[in-house]
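Before anything else, here's the structure in question.
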Amino acid sequence: MASAIFRSFQVHPFLLYPTTLLRQRNGVYHLTTKATQSQTDTQQRQPQTKVSTSSTQSKKLDKIPKNYEAIIGIETHVQLSTQTKAFCGCPYHYGSPPNSSICPICMGLPGALPVLNSKIIEFAVKLGLALNCNLAFNSKFDRKQYFYPDLPKGYQISQFDVPIASAGFLDVDIPVEFGGGHKRFGITRVHMEEDAGKLLHAENGNYSQVDLNRAGVPLLEIVSEPDMRNGIEAAEYAAELQRLVRYLGVSNGNMQEGSLRCDVNVSIRPIGQSKFGTKVEIKNLNSFSSVSRAIDFEISRQVELHSQGQEDQIVQETRLWEEGSQRTITMRKKEGLADYRYFPEPDLPAVILSQEYVDDIIESLPELPEIKRRRYEQMGLSMQDVLFLANDKNIAEFFDATLAKGADPKLVANWIMSDIAAFMKNEKLTINEIKLTPEELSELIASIKGGTISGKIGKEVLFELLAKGGTVKDLIEKKDLVQIVDPNEIEKMVEKVIAENPKQVEQYQGGKTKLQGFFAGQVMKLSKGKANPGLLNRILLEKLNSKS
């Protein structure tokens, strides 16, 4: 039966389609494609435009706009965190054994009809609203037709001329180390579609196997306007999209798992020219840094070709980013819209939204990253603090919960960004996994501010709370950490230290005033760190100066 479903395609040397076979191993179907030797040879013989990586990457990109302007847009695919796939009841779990989560609908078997997962509509509307888009209250699905071994139906269910959301924008704060500033990037459209399967290539390159676990997994594609001008802006746009989908809870946004995939379109044009240059698409970008580096390389490559009078060598194509060599290489020529032969999906009804449905979703939206950053700015926090705290939804919630207990925003930010962040990094923990609670962090800050314990003791208490939990009050009482604020008690310790170090006293009186730190350290050691630093230094100076 399987052989009747997946026909074998015998290739001729001049054809692009590989031979396709379906094999059964241990009850699991493996779809195998064999590539011909002539095809491999052809790919290896394809001429590559040579651009010196070292020379182009050493060029400062801020010099390029003097003569050329880069035009950059991004198509982002976001995999939705639904319990089942888009049009069937199969679950999807990253890393599952190949073809272990498929059904007749996933496999595109004749007679299998799709049933829409309503959660996709909810997530699409959420993201469309968060991106400040106009919603289409009456949209539809379309068939995007093309042939590839990982697309069992021979078409992809997507949206073409009536996307569910369009004409929006995304506000981004550029980090201070990259020049800072506030940017707004346009959003052309957001549309729903299903994912294809995945090809597993053999090491020798002779054949590929097809895993259909991912086939039918719901996606949202976000298409930006060509508003970005360099790699940093594009990477920050993609990072903000990741933050947004995580805040909304529509996706985990993990690039390493393919939950957020960015395809970048890059072209350049001479300054003053209104016509766009030839667009090149870049794929295989699995981190924000690779997005930035790939774009900067591609800009340099195209500028170099222009400057050498070889702009005709810039063709509309798809290129791959090679992380090892830090360059882009040709993958294939880019298909045009006409190749896909879109037409309305006959097996799915129209998607009709009611105002009541949309209003309910608006009410459920959380505070979004952009709004949160502006709120933190109004508290007097620096942009560095703002970007760190709002970057992770869980850290932001921890910060807000601590503030709700009455703690000072700047002090809370300092503790989270320094000692708590360092502990999480060393222990490889998230803020939800540490033992410290927002209530106890607020209590710790209050204890230091109120003089109950010193800042030094406060750090010891913090690390105890981070690792083992408990309460600030119990730890202070259990370990007898209450700060010594009795002037008479501190004065006795100062006199003892001075009496035991006559040589250092003589040196201090001789002009080596930096020895004050030595005496203060000895007193703190004697008091086991509990002496009030302010009182200690005042009394110490009085005693040392009275002897001079």
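The values are calculated or read from the model by the stated rules, or taken from the named source; none is laboratory data. Computed from a predicted model, the values in this text were never measured in an experiment. Cβ atoms come from the backbone with ideal geometry, glycine included; neighbour counts cover every protein chain shown. The accessibility values were calculated without ligands, DNA or RNA, using every heavy atom of the protein model including side chains. Shrake-Rupley method; radii C 1.70, N 1.55, O 1.52, S 1.80 Å.
In whole Hz and in residue order, list the ³J(HN,Hα) couplings for region 495-502 that follow from phi through the Karplus curve 6.51 cos²θ - 1.76 cosθ + 1.60, θ = phi - 60°; x for Gly and Pro.
Computed from phi, the couplings for region 495-502 are 4, 5, 5, 5, 5, 7, 10, x Hz.
Can you tell me the order of 193-206, 277-290 when each peptide is scored by its average per-residue count of other Cβ atoms within 10 angstrom, highest first?
Numbers: 193-206: 15.6, 277-290: 18.5.
Taking the mean over residues of other Cβ atoms within 10 Å, the ranking is 277-290, 193-206.
Mind pulling the angle between the C-alpha long axis of helix 288-307 and the longest principal axis of the chain? Nearest 10 degrees, somewhere in 0 to 90.
60 degrees
Compare the peptides 394-407, 294-307, 70-83, 513-526 by average per-residue count of other Cβ atoms within 10 angstrom and give them in order, highest first. Could the numbers behind the result be given before it?
Numbers: 394-407: 18.4, 294-307: 22.4, 70-83: 20.6, 513-526: 15.6.
Per-residue Cβ counts within 10 Å, averaged per peptide and sorted highest first, yield 294-307, 70-83, 394-407, 513-526.
Taking only the Cα atoms of region 446-548, how large is their convex hull per residue, in Å³? Could you put the intermediate results ahead of the total?
Numbers: hull volume 10.3 nm³, N = 103.
Given the Cα convex hull of region 446-548, per-residue volume reads 100 Å³.
About the Cα centre, and with charges only on the beta carbon of Lys, Arg (+1) and Asp, Glu (-1), how big is the dipole of the chain? Nearest 20 debye, please. Don't skip to the end; give the middle numbers.
Details: 66 positive and 67 negative charges, 292 e Å.
For this selection, approximately 1400 debye.
Report, as a whole number in µm² per second, the diffusion coefficient that Stokes-Einstein gives for region 326-397 at 20 °C and 1.002 mPa s using the Kirkwood radius over alpha carbon pairs.
Working: Rh = 17.7 Å.
D, rounded to a whole number, is 121 µm²/s.
If I model a spin label at Cys103 and Gln310 as a point 7 Å from the Cα along the Cα→Cβ vector, what separation in nanometres do I get?
5.4 nm
Which residue, Gly253, Gly186, Phe297, has the largest displacement toward the positive end of the dipole of region 60-350 when charges sit on each Cβ (Lys, Arg +1; Asp, Glu -1)?
Gly186
For region 60-350, report the accessible area per residue in Å² (1.4 Å probe, heavy atoms, rounded to an integer). Present the calculation step by step, with values, prior to reporting the outcome.
Details: 12270 Å² over 291 residues.
Averaged over the residues of region 60-350, the accessible area is 42 Å².
In addition: Quick one: if you stick a label point 7 Å off each Cα along the C-beta vector at Lys492 and Lys283, how many nm between them?
Here the modelled spin labels are 7.9 nm apart.
Mean shadow of the chain, computed from the convex hull of its alpha carbons, in nm²? Can you show the working numbers first?
Details: hull surface 142.2 nm².
Mean shadow area of the hull around the Cα atoms is 35.6 nm².
For all pairs of alpha-carbon atoms in region 287-337, what percent lies in each bin of width 5 Å, listed from the first bin to the last filled one?
5, 18, 25, 24, 19, 8, 1
For region 485-543, just run the numbers: alpha carbon Rg, then divide by 2.2 N^0.38 Å, N being how many residues it has. Before the final figure, lay out the partial values.
Working: Rg = 10.6 Å, N = 59, 2.2 N^0.38 = 10.4 Å.
So region 485-543 has a normalised radius of gyration of 1.02.
Under 17 Å between alpha carbons, and skipping anything fewer than 8 positions from Lys512 in its own chain: which aspartates and glutamates qualify?
Glu542
Oh, and also: Let me know the shape class of region 283-383, please: from the alpha-carbon gyration tensor, a ≥ b ≥ c as square roots of the eigenvalues, rounded when a/c is under 1.5, otherwise prolate if a/b is greater than b/c, or oblate. Don't skip to the answer; put the middle values down first.
Numbers: a/c = 3.13, a/b = 1.31, b/c = 2.39.
Verdict is oblate for region 283-383.
Running Debye on region 60-350 with equal point scatterers at the Cα sites and no solvent, what base-10 log of I(q)/I(0) appears at q = 0.11 Å⁻¹?
-0.69
Quick check: Cα centre of region 135-183 to Cα centre of region 418-466, how many Å?
Distance between centres, Cα-based: 42 Å.
For Lys279, give me every one of the lysines with a C-alpha distance below 17 angstrom, ignoring sequence neighbours fewer than eight places off in its own chain.
Candidates past the 8-residue exclusion: Lys333, Lys334.
Ordered by residue, what ³J(HN,Hα) values in Hz, to whole numbers, does region 92-109 give under the Karplus form 6.51 cos²θ - 1.76 cosθ + 1.60, where θ = phi - 60° and Gly and Pro are x?
Per residue, the Karplus-derived 3J(HN,Hα) values read 9, 10, 4, x, 5, x, x, 6, 9, 9, 9, 8, x, 6, 4, 7, x, 6 Hz.
Between 0 and 90 degrees, rounded to the nearest ten: what's the tilt of helix 231-248 against the longest Cα principal axis of the chain?
With both axes taken from Cα atoms, the answer is about 80 degrees.
Just check region 229-336 against the gyration tensor rule for me: Cα atoms, a ≥ b ≥ c as the square roots of the eigenvalues, rounded for a/c under 1.5, and otherwise prolate or oblate depending on whether a/b exceeds b/c. Please report the intermediate quantities before stating the final value.
On the way: a/c = 2.20, a/b = 1.82, b/c = 1.21.
Prolate, since a/c reaches 1.5 and a/b exceeds b/c.
Another question, then. What base-10 log of the normalised intensity I(q)/I(0) is obtained for region 392-436 from the Debye formula, alpha carbons as equal point scatterers, at q = 0.31 Å⁻¹?
Per q value, in the given order, log10 I(q)/I(0) is -1.24.
Anything over 23 Å Cα to Cα? Flag those among Lys85/Lys153; Lys428/Lys528; Lys144/Lys283; Lys492/Lys525; Lys410/Lys456; Lys479/Lys503, in the order listed. Before the final figure, lay out each step's value.
On the way: Lys85/Lys153 16 Å; Lys428/Lys528 31 Å; Lys144/Lys283 20 Å; Lys492/Lys525 14 Å; Lys410/Lys456 18 Å; Lys479/Lys503 35 Å.
From the list (Lys85/Lys153; Lys428/Lys528; Lys144/Lys283; Lys492/Lys525; Lys410/Lys456; Lys479/Lys503), the Cα-Cα distance tops 23 Å for Lys428/Lys528; Lys479/Lys503.
Find how many whole Å separate the alpha carbon centroid of region 515-529 from the alpha carbon centroid of region 209-274.
Here the two parts' Cα centres lie 56 Å apart.
Moving on. Quick one: Kirkwood hydrodynamic radius for region 366-477, alpha-carbon pairs, angstrom, one decimal? Please report the intermediate quantities before stating the final value.
Numbers: mean 1/r = 0.0702 Å⁻¹.
After inverting the mean inverse Cα-Cα distance, the result is 14.3 Å.
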